[in-house]
Amino acid sequence: MSQTSVTPADFEKALKVGRPPNVTKLFPNSRALIISGKYIDRAMLAKGKSIALAANGRNRFVIRGALQAAQKANAAIIIEIARSEGGANAYCAVKYWNIAAYVDTICNELSITIPVAIHADHYGIKMNEDIQEAKVEIPTLFEAGMTSIAIDASHLPDDQNLLANLELNPFIPQWAGLETEVGEIKGKTGLSTVAEALFLIQGLNAHDIFPDWIALNNGTTHGIEESGQGIQVELTRQIHDALQKYKISGAQHGTSGNNSDRLREIAAKTRTTKANVATALQMISWGLEVNDYGNALLDEAGNFIKVKGAGVTEKMWSEMVAFAESHALKGGNYKKLNLPFENKLLGQPKEVRENMVKRVESFAYDMIVNVFNSADTAPLAVQAILEVDSFDPGPKAEKIENPADWTPDKIVQRASTILSDKGETGDFDD
């Protein structure tokens, strides 16, 4: 196998052995290479200084455009949806329980052959009561085709965050990609620390849990970046360096609004292999004017600027704006237009729908190739599958912590010694 191509024979073998059991059961005749998120991480590490685009598929146009961009760039990709976007109280028509079916259908329709992981992002645990519900709900996500998940208990104190991760891990398939989080994503307040990150990863390690990614509050925000703070590259590097022996990669959240140079710096100077892009792709699909890194621009009155002839029709955009005004939706809360307008958008003329997809494809392709440096990572993911000859590559790390030092009582005791600032309170979900 060359570095830039996958032979038909290798693709057929990867298709046969690389798809996990839930995917083969759901889509037995599919030719979509839907794989564990673990392999996406490994492909980025194999290339080096490379980050996988994790596209939040808030609508089907985003999913379609992102997959076409990845195919064009010969890149492994993650298609994801967060609990706030696609969970039980979702504001999107694309949900935890249908996103895999959408990806599979589009891949087969368009002959998409690049490896794709389906990620349940930000499965939020905000209180202890959420844990019991999660024990029931998480298995349903994998039954619906997920191949990766982020357990996000970062809203809780450090000891409860770790204990929640430990309690929920038995409900996640061992082969699945796993992301954990320390420090809720909320901008310049409540920044994650080395001590907090080490506490979480060491405690998981002691219990034979080896996450593929850790997400941090490293200064960015979800949605539209307004603070100017952005990603703190040096903080991220320090935390990743401290975690090096645990062989965990970074997941970068809140990329919309961070300029391309800063994102390139994250790729070059840290161990980040996954970057979530949500708001930018949504806005681009609708036809809004954005800057070169996806932040929607505003006119002097503070309104979004619609590019004439791009994205949705002018009539449709007028309807969307009127709906937003009648429901007091402004700025980032335009995200709540996804659910009520999905079917209306799908009912637009073909040329309009294709225009929406093409805008996403162009932006995503530029991110993959020129910002995240993940072009030609598809063969690396396939190569990893063939080397293992399995849908499960196993963990990257091994146990180096003593379980006796990480009992529940000792976890609570250890956490009490950590100096941390959780930052301002509020709803920071996206």
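Some notes on this structure:
- Unmet requirement for THR140, which otherwise passes all of (1) touching a helix residue (DSSP H, G or I) at 6+ places or on another chain (Cβ under 8 Å); (2) at pLDDT 95 or above: (1)
- Failed item in (1) surrounded by fewer than 21 Cβ atoms within 10 Å (Cβ to Cβ); (2) charged (D, E, K, R); (3) out of contact with any Cys (no Cβ under 8 Å at 6 or more places or on another chain); (4) closer than 24 Å to GLY254 by Cα, with GLU342 passing the rest: (3)
- Counted residues, segment 353-371 - those being among the aliphatic types (A, V, I, L, M) and surrounded by fewer than 18 Cβ atoms within 10 Å (Cβ to Cβ): 1
- Positions within segment 11-36 being of a type in the set (S, T, N, Q) and buried (at least 20 other Cβ atoms within 10 Å of the Cβ), in sequence order: ASN22, SER36
Table: residues versus (1) over 20 Å from the mean Cα position of the chain (by Cα); (2) within 23 Å of ASN59 (Cα to Cα); (3) of a type in the set (Phe, Trp, Tyr).
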| site | (1), (2), (3) |
| --- | --- |
| ASN343 | yes, yes, no |
| VAL352 | yes, yes, no |
| VAL357 | no, yes, no |
| ALA364 | no, yes, no |
| THR377 | no, no, no |
| GLU387 | yes, no, no |
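- Scope segment 296-315; condition in a loop (DSSP other than H, G, I, E, B) and within 27 Å of PRO349 (Cα to Cα); matching residues: LEU297, ASN303, ILE305, VAL307, LYS308, GLY309, ALA310, GLY311, VAL312, THR313
- Selection count where residues are buried (at least 16 other Cβ atoms within 10 Å of the Cβ), of a type in the set (D, E, K, R) and within 15 Å of PHE199 (Cβ to Cβ), scope segment 395-420: 2
- For segment 173-192, filtered to residues that are under 20 Å from ALA275 (Cα atoms) and polar (S, T, N, Q), the residue that is modelled with the lowest pLDDT is SER192.
- Segment 310-337: number of residues that are touching a Leu at 6+ places or on another chain (Cβ under 9 Å) and closer than 15 Å to PHE61 by Cβ: 8
- Selection within segment 373-382: residues that are assigned to a loop (DSSP other than H, G, I, E, B) and in contact with a helix residue (DSSP H, G or I) (Cβ under 6 Å, 6 or more places away or on another chain). The member of this set that is surrounded by the fewest Cβ atoms within 10 Å (Cβ to Cβ) is ALA375.
- Pairs linking a residue in segment 321-346 that is touching a residue at least 12 places away in the same chain (Cβ under 8 Å) to a residue that is basic (Lys, Arg) and assigned to a helix (DSSP H, G or I), with Cβ atoms under 9 Å and 6 or more positions apart or on different chains, are ALA324/LYS336; GLU342/ARG60; LEU345/ARG60; LEU345/ARG353; LEU346/ARG60; LEU346/ARG353.
- Looking across segment 80-112, the residues that are under 13 Å from ARG60 (Cβ atoms) and of a type in the set (S, T, N, Q) come down to ASN98, THR105.
- Restricting ILE385, ILE368 to residues that are of a type in the set (A, V, I, L, M, F, W, C), part of a helix (DSSP H, G or I) and touching a strand residue (DSSP E or B) at 6+ places or on another chain (Cβ under 6 Å) narrows the list to ILE368.
- The set of residues in segment 40-68 that are surrounded by 24 or more Cβ atoms within 10 Å (Cβ to Cβ) and in a loop (DSSP other than H, G, I, E, B) comprises ILE51, GLY57, ARG58, ASN59.
- Among (1) in contact (Cβ under 8 Å) with a residue 40 or more places away in the chain; (2) touching an Asp or Glu at 6+ places or on another chain (Cβ under 8 Å); (3) surrounded by fewer than 24 Cβ atoms within 10 Å (Cβ to Cβ) - the single one HIS155 does not satisfy: (1)
- The condition of being of a type outside the set (Asp, Glu) and touching a His at 6+ places or on another chain (Cβ under 7 Å) holds for only one of SER84, SER50, that being SER84.
- Failed condition for ASN217, given (1) buried (at least 19 other Cβ atoms within 10 Å of the Cβ); (2) more than 28 Å from TYR39 (Cβ to Cβ); (3) at pLDDT below 95: (2)
- Some residue of segment 287-296 being more than 21 Å from GLY65 (Cβ to Cβ), at pLDDT 90 or above and surrounded by fewer than 24 Cβ atoms within 10 Å (Cβ to Cβ): no
- Answer residue from segment 236-265, given it is modelled with pLDDT of 95 or more and of a type in the set (A, V, I, L, M) and is farthest from SER192 (Cα to Cα) among those: ILE248
- Of everything in segment 314-332 that is within 21 Å of ASN291 (Cα to Cα) and modelled with pLDDT of 95 or more, the residue that is surrounded by the fewest Cβ atoms within 10 Å (Cβ to Cβ) is GLU314.
- Per-region count, segment 1-39, residues in contact (Cβ under 8 Å) with a residue 60 or more places away in the chain and either in contact with a His (Cβ under 9 Å, 6 or more places away or on another chain) or assigned to a loop (DSSP other than H, G, I, E, B) (or both): 16
- Any chance GLY124 is under 25 Å from ILE231 (Cβ atoms), touching an Asp or Glu at 6+ places or on another chain (Cβ under 6 Å) and crowded, with 18+ Cβ neighbours inside 10 Å: yes
- Selected residue (only one of ASN161, ASN169 is surrounded by fewer than 24 Cβ atoms within 10 Å (Cβ to Cβ) and either over 15 Å from the mean Cα position of the chain (by Cα) or more than 23 Å from PRO340 (Cα to Cα) (or both)): ASN169
The values are calculated or read from the model by the stated rules, or taken from the named source; none is laboratory data. Just so we're clear, the structure is a prediction, and the values are computed from it rather than from any experiment. Cβ coordinates were reconstructed from backbone atoms using ideal geometry, including for glycine residues, and neighbour counts include every protein chain displayed.
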